[in-house]
Amino acid sequence: MTWHSLGKAGELIAAHFLRQKGYRIIQQNFKTKCGEIDIIARDRKKQLVFIEVKTRSSLHLGQPEESVTPEKLVHLRRCAQIYLSQHRLHCSCRLEILSIIWGNPPTCKIIPAD
Amino acid sequence: MIMLARVHSFTIWGIEGYPVEVEVDIAPGLPGISVVGLPDQAVKEARDRLKPAIRNSGFEFPTSKIVVNLAPADLKKEGSYFDLPIALGILKASNPQKIAPIEDFCFVGELALDGSLRPVKGILPMAIKAKEMGQTSLVLPWENAEEAALVQDISVFPVKNLGECVDLITGKTQVSPYQVDLNSLFSSRGKYEVDFSEVKGQTCAKRALEVAVSGGHNILMVGSPGAGKSMLASRIPTILPSLSLEESMEITRIHSAAGVNQGKLVTTRPFRHPHHTVSDIALIGGGNIPGPGEVSLAHNGVLFLDELPEFHRNALEALRQPMENGQVTISRAKGRITFPSRFLLVAAMNPCPCGWYGDQSHTCRCTLPQIIRYRQKISGPLLDRIDIHIEVTSLPASLLLKERQEESSDSIRQRVENARKIQAKRFEKEGIFFNAHMSPSQMRKYCSLTEEARSLLEKALSEMHFSGRAYDKIRKVARTIADLDSSETIQPHHIAEAIQYRSLDRELY
């Protein structure tokens, strides 16, 4: 499996996992000129959540969430702001990282990103 | 589960230890460490040292968000003191059951990537502060143990690495506190590597230095290159009275804060000789977080300024306050710090820019205006504070080759100590230590001249055009010379000798 297909597979699992957790997915792969947001969803309490999915096939290079650098977070925030202004939204929102370790079954973990 | 740990530590503020609480909180979130509480670059970089250090010591580094707070939050923290307390805080917060209470200990130390500990500076002031605060145990790197143990009544636990430190606080290994015998350490005090018996001839200069040291008079040596000014100056500490234990601790404390004592008790008087390009800040102390300068490092010792006219003018002018008050106060936006600076100023200069004015074997190539301009680089107020000026002439070849027994530093020091004892008795209730610091009223009281001495001084004043300032200096120096002679009153020959020590007040031609 190439890194690209691993990422794609990860995002599929992520969507499934989030639905199980009671999230309602609004949009996947929201693209802007600053980058991309993997999943935009609303949780059980209807709060808007921007989700970055990180998938790794092994722990040789550390936990998936460790690869999210402060610079990456800055990009994600900027994308989120673009989404909010495009949709003229003034609601509270948050940013989360969904860390997936590939396996059978894969393990998923939601981590708040601030 | 509470993921919070609190660890006691210290930082340095001037030459004082300052207690710092290191708080570590571990919460769910993206893995990373943020350090708050005004850390400087060295403290911030601890973040990157911590992970390898903890992992390589066989512990697990939590993959969560770690917030480290250094309280009080408004005090700037510098240095690498907090590596060890932060590491322990992380271990404690992520593993509260495994690691025993750490509130009874204070920790300081820098971590290497393999988890071993590196020494830090400023340990003695921290240990003194710990004792004042009633802390009983201090855990620190091995290299710092001796210095910390100089403070009695606190237990010093030296450790080699992080693992050993954890074993110590969990009680896995029993360690007895490191102890030093302060008195034996002090009595085996360091010997000086130089001695006055190595200086051939220069009897006049040696005598002048003996007078200067006895009465605490600052001294300026004028002489051509190679005459032996530096050689003489570097031997002055050997004739200063032996250090008392309190003085020794005082010096060690300043040197420790500046990180120049190599973790040892300083048992010899300091001899500082900054290069003439030194800045005013390096000389009197300062910086963003004020640290001691050369004048404070020379406390209880000698500050030697070679090539005095070459020093920057603002550096020389900055010397005035520390010379006057025996201490220097540095004010910065971050606060005010006072450093002690009781030192003997010894300066050396050439008589003229080319260096050969007045020399027997060379001809001077300087014009009179050049010489005057050269000498004017030293301001009047500074010259005011220098009681003794002498000329150091180069030795003729015949004397240089002659083998002769010169007087040793030990025998000169005995005379100096004697003269200082007389002064200590005289100024018991006056609040000063040396003849050099006498006020005009004290001079009237203690510098009684005999009739012949008075007439000699009057004659000298009128014939050699001495100023009123020179008149006072001569009387003070004459008092010291009389003390060296164990004489109650000032005799004519004391005055005569003192007049010799005003060479810069005389006309050039």
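The values are calculated or read from the model by the stated rules, or taken from the named source; none is laboratory data. Being a predicted model, the structure only gives us computed values, none of them experimental. Cβ: placed from backbone, ideal geometry, glycine included. Neighbour counts: every protein chain shown.
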- Note on the structure: Scanning the stretch A:28-47 for residues that are in contact with a helix residue (DSSP H, G or I) (Cβ under 8 Å, 6 or more places away or on another chain) and either within 14 Å of chain B (Cβ to nearest Cβ) or more than 18 Å from A:His4 (Cα to Cα) (or both) gives A:Thr32, A:Cys34, A:Ile40, A:Ala41
- Before we move on, is B:Leu220 aliphatic (A, V, I, L, M), within 25 Å of the chain's Cα centre (by Cα) and under 23 Å from B:Cys364 (Cβ atoms)? yes
- In the stretch B:231-243, which residues are closer than 15 Å to B:Arg342 by Cα and outside any helix (DSSP H, G or I)? B:Leu240, B:Pro241, B:Leu243
- Task: Kindly provide the set of residues from the stretch B:464-488 that are of a type in the set (Asp, Glu) and under 25 Å from B:Leu382 (Cα atoms), ordered by number.
- Result: B:Asp472
- Message: Name the single residue that is farthest from B:Ala149 (Cα to Cα) among those in the stretch B:259-281 being assigned to a loop (DSSP other than H, G, I, E, B) and among the charged types (D, E, K, R).
- Response: B:Arg269
- Go through the stretch A:101-114 and give me each residue that's away from chain B (no Cβ under 14 Å) and either farther than 20 Å from A:Arg19 by Cβ or outside any loop (DSSP other than H, G, I, E, B) (or both). A:Gly103, A:Asn104, A:Cys108
- Query: Among the helices (runs of 4 or more DSSP H) contained in the stretch B:11-107, which hold 3 or more residues that are farther than 22 Å from B:Thr170 by Cβ and of a type outside the set (D, E, K, R)?
  - Reply: B:41-44
- Message: Which numbered condition in (1) in a helix (DSSP H, G or I); (2) free of Cβ contacts under 8 Å to residues at least 12 places away in the same chain is the only one that A:Lys31 fails?
- Response: (1)
- Query: Taking the stretch A:76-95 as the search range and keeping residues that are within 14 Å of another protein chain (Cβ to nearest Cβ) and in a helix (DSSP H, G or I), which one is surrounded by the fewest Cβ atoms within 10 Å (Cβ to Cβ)?
  - Reply: A:Arg77
- Message: The conditions are (1) away from chain A (no Cβ under 14 Å); (2) farther than 24 Å from B:Asn161 by Cβ; (3) modelled with pLDDT of 90 or more; (4) surrounded by fewer than 16 Cβ atoms within 10 Å (Cβ to Cβ), and B:Gln41 fails exactly one of them. Which is it?
- Response: (3)
- Message: Can you tell me which condition A:Leu98 does not meet? The list is (1) crowded, with 19+ Cβ neighbours inside 10 Å; (2) within 22 Å of B:Ser64 (Cβ to Cβ); (3) away from every other protein chain (no Cβ under 14 Å), and all the others hold.
- Response: (3)
- Check B:Ala478, B:Ala453, B:Ala419, B:Ala424 and return the single one that is touching a Ser or Thr at 6+ places or on another chain (Cβ under 6 Å) and either in a loop (DSSP other than H, G, I, E, B) or modelled with pLDDT of 85 or more (or both). B:Ala419
- Task: Please verify whether the stretch B:240-261 includes one or more residues that are over 20 Å from the mean Cα position of the chain (by Cα) and charged (D, E, K, R).
- Result: no
- Query: Does B:Tyr471 satisfy the condition of being of a type in the set (Ser, Thr, Tyr) and under 24 Å from B:Arg415 (Cα atoms)?
  - Reply: no
- Quickly run through the stretch B:272-290 and pick out the residues that are crowded, with 21+ Cβ neighbours inside 10 Å and either modelled with pLDDT of 90 or more or outside the structural domain of B:His217 (by TED's automatic domain parsing) (or both). B:Leu283, B:Ile284, B:Gly285
- Looking at (1) within 14 Å of chain B (Cβ to nearest Cβ); (2) touching a strand residue (DSSP E or B) at 6+ places or on another chain (Cβ under 6 Å); (3) not in a helix (DSSP H, G or I), which is the one condition that is false for A:Leu61? (2)
- Query: Being buried (at least 21 other Cβ atoms within 10 Å of the Cβ) and modelled with pLDDT of 90 or more, is that true of even one residue in the stretch B:465-473?
  - Reply: no
- Message: Condition first: in contact with a helix residue (DSSP H, G or I) (Cβ under 7 Å, 6 or more places away or on another chain) and at positive phi. Now tell me which residues in the stretch B:240-273 satisfy that.
- Response: B:Gly263
- Of these, B:Leu84, B:Leu91, B:Leu113, B:Leu70, which one is out of contact with any strand residue (DSSP E or B) (no Cβ under 7 Å at 6 or more places or on another chain), away from chain A (no Cβ under 14 Å) and buried (at least 18 other Cβ atoms within 10 Å of the Cβ)? B:Leu91
- Query: Among the residues of the stretch B:383-410, which ones are of a type in the set (S, T, N, Q) and surrounded by fewer than 12 Cβ atoms within 10 Å (Cβ to Cβ)?
  - Reply: B:Ser398, B:Gln405
- Can you tell me how many residues in the stretch B:336-381 are surrounded by fewer than 17 Cβ atoms within 10 Å (Cβ to Cβ), among the small types (Gly, Ala, Ser) and touching a residue at least 40 places away in the same chain (Cβ under 8 Å)? 2
- Message: Which residue is surrounded by the fewest Cβ atoms within 10 Å (Cβ to Cβ), if the candidates are limited to the stretch A:12-39 and must be among the β-branched types (Val, Ile, Thr) and within 21 Å of A:Ile101 (Cα to Cα)?
- Response: A:Ile13
